[in-house]
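Let me begin by presenting the structure, written as structure tokens, before commenting on it.
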Amino acid sequence: MSLHDVVRDLLPRVLSDLGDLVAIESVSADRARASEVERSALAIVGLLVDAGCPDARVVRANGGAPAVIARFPAPAGMPTVCLYAHHDVQPEGDPVGWATPPFMATEVNGRLYGRGVSDDKGGFAVHLAALRAFGGKPPVGVTLFIEGEEEVGSTDLAQLLEENREDLAADVFVIADSDNWAVGQPAFTTSLRGLASCTVEVRTLDHGVHSGEYGGVVPDALTALCRLLATLHDDQGNVAIAGLATAPAPAMEYPPERLREESGLFDGVDWIGSGSFVERMWCKPAVSVIALDATPLDKASNTLIPVARAKISARIAPGEDAARALAAVITHLNDHAPWGAQVTVTEGETAAGSLIDFAGPYADAARAAFTEAWGREPVLIGQGGSIPMVADFGKAFPEATILITAVGDPDSRAHGANESLHLADFAAACLAETLMLNAFAHLDQRP
Ligand code: BES
Ligand code: MN
Ligand code: MN
């Protein structure tokens with residue numbers, strides 16, 4: 001039987017296993033569901049042992065979230081490929097926004113819905129499909145590294161890497177955690193933005209006071225915070241923080257009508273920023289206010305409030321130093337305090353972006369395998385999101401080839417309500433990875 005037929009036949013079971021994983025609420029940001037993250041790691045180990053893996057175990061660093069490392073030792077003379085995904089997911093948010101239950105994988109019109117189906121339990125499912133296609137005896141060495149805290153900034157990753165460096169070393173890293181260019185159009189991601197976040201607190205008053213009594217002379221903290229936040233962009237929506245880098249942009253067009261449709265941006269709402277769309281999304285910094293602490297509406301009273309807080313998340317250019325970028329954001333906030341308000345900034349996460357060279361014999365073999373599986377040549381794209389492990393592993397294994405693949409598409413709504421996986425694309429991704437591993441075993445010479 002050809003690998004095409006083998007993969008086609010094993011898909012139903014892989015999808016049912018994916019459904020079982022989606023049912024585990026492995027939300028790494030929610031302390032109350034830490035046991036679910038543990039359960040999810042154990043479920044991954046179980047699936048890998050069942051797929052014939054002789055060495056699968058849970059690892060953690062600093063007592064942090066459970067990751068899985070599993071190894072199929074390389075047949076003599078064969079390279080080792082490390083397959084990466086993460087088994088933790090984002091919070092589901094308000095269930096009212098979901099058309100199907102978030103933790104129950106549900107098929108509707110050729111898509112599978114559920115939290116984590118594309119980001120990134122689907123990524124693990126692709127690896128599982130490829131391993132099963134070889135009956136648990138892959139033709140190259142395979143290491144799986146399935147992280148359990150990617151969605152909270154991979155805080156213990158550097159330590160985990162240091163403690164398991166030998167087990168994680170590989171000739172090729174396949175990171176199944178990005179998006180394809182479009183449904184039916186495969187892509188390898190060659191640039192990712194980084195991240196720098198912080199919390200800003202603004203205080204203007206020792207205590208809340210009557211807004212009629214003092215309003216007009218005494219500034220409230222929320223208004224002051226709003227003015228501070230308004231300084232983060234110019235009128236056109238470009239980031240106004242001094243000292244943030246921009247990376248060179250590829251000559252690619254993102255059709256604006258597609259972007260409006262995929263993002264759900266209302267007709268009549270303007271785009272922000274300047275430069276080509278891919279430059280704005282992949283190469284330039286972006287700053288968003290992602291949360292606010294202030295008096296909630298149902299507790300509103302005519303009071304000048306003394307304190308307000310916001311969380312600011314900056315996406316930074318690939319190649320930018322994340323610590324330097326965070327320092328630039330903090331300096332900006334401290335320098336723009338309106339009306340002499342007291343501003344205190346607390347550092348949040350940082351993650352470096354990445355620029356990857358898609359070249360060499362493994363990349364060529366991957367391109368050919370993807371072309372065969374998808375019936376279409378893959379394109380090289382950037383992404384505006386971040387995958388912290390890419391920079392860390394790139395630094396630890398500078399000789400290795402890094403290939404960032406995808407199960408999601410621009411309609412997958414990762415992190416949002418109604419996250420989904422396009423099932424035909426998923427099938428193509430499973431076949432592509434299988435053919436790619438096979439091709440790695442048949443390279444003329446090991447590079
Ligand atoms: N899979 C995403 C990264 C991604 C998003 C790649 C969109 C390609 C397109 C990943 O799970 C993610 O969400 N990463 C976080 C990292 C952060 C916590 C450091 C992100 O980008 O917010
Ligand atoms: Mn992900
Ligand atoms: Mn994510």
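The values are calculated or read from the model by the stated rules, or taken from the named source; none is laboratory data. This one's a predicted model, so the numbers in the text were calculated from it and none came from an experiment. Cβ placement follows ideal geometry from the backbone for every residue including glycine, while neighbour counts extend to all protein chains displayed.
Tell me, which residue of region 174-187 that is among the hydrophobic types (A, V, I, L, M, F, W, C) and crowded, with 24+ Cβ neighbours inside 10 Å is farthest from Phe393 (Cα to Cα)?
Within region 174-187, the subset among the hydrophobic types (A, V, I, L, M, F, W, C) is 174-176, 181-183, 187.
Now drop any that are not crowded, with 24+ Cβ neighbours inside 10 Å, which leaves 174-176.
On the way: Val174: 11, Ile175: 11, Ala176: 14 Å.
Among residues in region 174-187 that are among the hydrophobic types (A, V, I, L, M, F, W, C) and crowded, with 24+ Cβ neighbours inside 10 Å, the one farthest from Phe393 (Cα to Cα) is Ala176.
Could you say which residue among Ala176, Ala245 is aliphatic (A, V, I, L, M) and either within 16 Å of ligand 2 (Cβ to nearest atom) or part of a strand (DSSP E or B) (or both)? Working first, answer last.
Details: Ala245 fails: either within 16 Å of ligand 2 (Cβ to nearest atom) or part of a strand (DSSP E or B) (or both).
When all the criteria are applied, what remains is Ala176.
Would a scan of region 156-166 turn up a residue that is polar (S, T, N, Q), more than 18 Å from the chain's Cα centre (by Cα) and surrounded by fewer than 24 Cβ atoms within 10 Å (Cβ to Cβ)? Walk me through how you get there before you give the answer.
Within region 156-166, the subset polar (S, T, N, Q) is 159, 164.
Filter once more, so that each one left must be more than 18 Å from the chain's Cα centre (by Cα): 159, 164.
Those still in the list that are surrounded by fewer than 24 Cβ atoms within 10 Å (Cβ to Cβ) too: 159, 164.
So far as region 156-166 goes, yes, one or more of its residues are polar (S, T, N, Q), more than 18 Å from the chain's Cα centre (by Cα) and surrounded by fewer than 24 Cβ atoms within 10 Å (Cβ to Cβ).
Scan region 144-164 residue by residue and report those that are more than 16 Å from ligand 2 (Cβ to nearest atom) and either at pLDDT below 95 or over 21 Å from Ile356 (Cα atoms) (or both). Outline the logic, then answer.
Going residue by residue through region 144-164, those that are more than 16 Å from ligand 2 (Cβ to nearest atom) are 156, 158-164.
Those that are more than 16 Å from ligand 2 (Cβ to nearest atom) and either at pLDDT below 95 or over 21 Å from Ile356 (Cα atoms) (or both): Asp156, Gln159, Leu160, Glu162, Glu163, Asn164.
Listed here are the residues, each with its yes/no results for (1) at pLDDT 95 or above; (2) β-branched (Val, Ile, Thr); (3) within 16 Å of ligand 1 (Cβ to nearest atom); (4) assigned to a loop (DSSP other than H, G, I, E, B).
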{"position": "Ser35", "(1), (2), (3), (4)": "yes, no, no, no"}
{"position": "Ala56", "(1), (2), (3), (4)": "yes, no, no, no"}
{"position": "Ala99", "(1), (2), (3), (4)": "yes, no, no, yes"}
{"position": "Ser118", "(1), (2), (3), (4)": "yes, no, yes, yes"}
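I need the strands (runs of 3 or more DSSP E) fully contained in region 330-417, keeping only those with at least 2 residues that are charged (D, E, K, R) and within 30 Å of Thr223 (Cα to Cα).
342-351
Do we find a residue being more than 16 Å from ligand 1 (Cβ to nearest atom), closer than 16 Å to Gly114 by Cα and part of a helix (DSSP H, G or I) anywhere in region 73-95? Lay out the reasoning, then the answer.
Quick first cut of region 73-95, residues more than 16 Å from ligand 1 (Cβ to nearest atom) only: 73-82, 94-95.
This time we only want the ones that are closer than 16 Å to Gly114 by Cα, so: 94-95.
Now narrow it down to the ones that are part of a helix (DSSP H, G or I): 95.
The answer is yes; a qualifying residue exists.
Pull out all pairs, ordered by first then second residue, where Cβ-Cβ is under 8 Å, the residues are six or more apart or on different chains, the first lies in region 168-194 and is within 15 Å of ligand 1 (Cβ to nearest atom), and the second is in a strand (DSSP E or B) and of a type in the set (Asp, Glu).
Pairs found: Ala187/Asp179; Thr189/Asp179.
Looking at (1) among the hydroxyl-bearing types (Ser, Thr, Tyr); (2) under 30 Å from Gly122 (Cα atoms); (3) surrounded by fewer than 20 Cβ atoms within 10 Å (Cβ to Cβ), find the lone condition where Ser191 falls short.
Ser191 satisfies all of (1) among the hydroxyl-bearing types (Ser, Thr, Tyr); (2) under 30 Å from Gly122 (Cα atoms); (3) surrounded by fewer than 20 Cβ atoms within 10 Å (Cβ to Cβ) except (3).
Would you check which residues across region 141-167 are away from ligand 1 (no atom under 16 Å from the Cβ) and in contact with a Ser or Thr (Cβ under 8 Å, 6 or more places away or on another chain) and list them?
Across region 141-167, the qualifying residues are Gly141, Val142, Thr143, Asp167.
Can you pull out the residues in region 378-398 that are out of contact with any strand residue (DSSP E or B) (no Cβ under 7 Å at 6 or more places or on another chain) and either within 16 Å of ligand 1 (Cβ to nearest atom) or free of Cβ contacts under 8 Å to residues at least 60 places away in the same chain (or both)?
Residues of region 378-398 out of contact with any strand residue (DSSP E or B) (no Cβ under 7 Å at 6 or more places or on another chain): 392, 395-398.
Listed by number, the residues that qualify are Asp392, Lys395, Pro398.
Is there a residue being farther than 26 Å from Leu11 by Cα, at pLDDT 95 or above, within 16 Å of ligand 3 (Cβ to nearest atom) and crowded, with 16+ Cβ neighbours inside 10 Å anywhere in region 393-408?
no
Go through (1) among the acidic types (Asp, Glu); (2) farther than 29 Å from Ser276 by Cβ; (3) not in a strand (DSSP E or B) for Asp235 and report which single condition fails.
Here Asp235 clears every test but (2).
Does region 97-135 hold any residues that are hydroxyl-bearing (Ser, Thr, Tyr) and within 13 Å of ligand 2 (Cβ to nearest atom), and which are they? Break it down stepwise before answering.
Taking region 97-135 first, the residues hydroxyl-bearing (Ser, Thr, Tyr) are 100, 106, 113, 118.
Across region 97-135, the qualifying residue is only Ser118.
I need the full set of residues from region 210-232 which are of a type outside the set (Asp, Glu), over 14 Å from Ile272 (Cβ atoms) and part of a loop (DSSP other than H, G, I, E, B), in order please.
Answer for region 210-232, where residues must be of a type outside the set (Asp, Glu), over 14 Å from Ile272 (Cβ atoms) and part of a loop (DSSP other than H, G, I, E, B): Gly215, Gly216, Val217, Val218, Pro219, Thr231.
Taking region 44-65, which residues are without any contact (Cβ under 8 Å) to a residue 40 or more places away in the chain and touching a helix residue (DSSP H, G or I) at 6+ places or on another chain (Cβ under 8 Å)? Step through it out loud before you land on a result.
Looking only at region 44-65, we keep the residues that are without any contact (Cβ under 8 Å) to a residue 40 or more places away in the chain, and these are 45-46, 49-50, 54-55, 57-58, 63.
Of everything in region 44-65, those that are without any contact (Cβ under 8 Å) to a residue 40 or more places away in the chain and touching a helix residue (DSSP H, G or I) at 6+ places or on another chain (Cβ under 8 Å) turn out to be Arg57, Val58.
Can you find even one residue in region 340-355 that is free of Cβ contacts under 8 Å to residues at least 24 places away in the same chain, farther than 22 Å from Pro79 by Cβ and not assigned by TED's automatic domain parsing to the domain that holds Ala105? Can you show your working first?
Step one: filter region 340-355 for residues free of Cβ contacts under 8 Å to residues at least 24 places away in the same chain, giving 340.
Restricting the remaining residues to those that are farther than 22 Å from Pro79 by Cβ gives 340.
Filter once more, so that each one left must be not assigned by TED's automatic domain parsing to the domain that holds Ala105: 340.
Yes, because at least one residue in region 340-355 is free of Cβ contacts under 8 Å to residues at least 24 places away in the same chain, farther than 22 Å from Pro79 by Cβ and not assigned by TED's automatic domain parsing to the domain that holds Ala105.
Tell me, yes or no, whether region 143-156 has at least one residue that is more than 30 Å from Leu47 (Cα to Cα), in a loop (DSSP other than H, G, I, E, B) and touching a Pro at 6+ places or on another chain (Cβ under 8 Å). Steps first, answer last, please.
If we filter region 143-156 for residues that are more than 30 Å from Leu47 (Cα to Cα), which is where we start, we get none.
So far as region 143-156 goes, no, none of its residues is more than 30 Å from Leu47 (Cα to Cα), in a loop (DSSP other than H, G, I, E, B) and touching a Pro at 6+ places or on another chain (Cβ under 8 Å).
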